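One structure is given here, and the rest of the page talks about it.
All of the numbers you see were taken from the coordinates with simple rules; none came from a lab. These numbers come from a predicted model, not from an experiment. Backbone-built Cβ (ideal geometry, glycine too); neighbour counts: all protein chains shown.
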Amino acid sequence: MKDSKDKRALASSDRPVLIMVTAGGRNDAEKLGEGLVEGRMAACCTIIPTVRSFYYEEGQLKREHESLLLIKTVESRAQAVQDYVLANHSYDVPEILQIAIESGSPAYIQWLADQVSVPSTDRPLNT
């Protein structure tokens, strides 16, 4: 990574965000995450393979094992991430929660912004 001192200040639309999405299982989360990274909508996706969710559906308490996908991107790409998740998720109403990242490692945040600013066709294979 290059020295972040030489980089311009991030524009407000380039502010980092974390988007959390639950999926029915690890394979579903991996497909979503890989598609987001390959399409340069996300710099990095992390999967927590097993989480336990509790919720009501049609008056019944549900207890489900799911996977949690953590999507690191920038604000200007967040709508594209949400659109992709909605179009490719197995749930009718997937959980999509966006959280602003207030601070972090400057070098990592710059790397994150750089990753989503490169067109997907310019991305090296097998990185």
A correct fewest-to-most ranking of V118, V85, V17 by other Cβ atoms within 10 Å would be V118, V17, V85
Note: probe point = Cα of K62 + 7 Å toward Cβ; backbone nitrogen < 14 Å; residues of the range 84-107 passing the test are 90-96
Per DSSP, the loop-located GluC sites (Glu not before Pro) within the range 25-127 having at most 15 other beta carbons within 10 Å are E58, E102
Low-density loop trypsin sites (Lys or Arg not before Pro), the range 8-72, at most 10 other Cβ within 10 Å, DSSP non-H/G/I/E/B, are R8
Cα convex hull volume per residue for the range 20-119, in Å³, equals 102 Å³
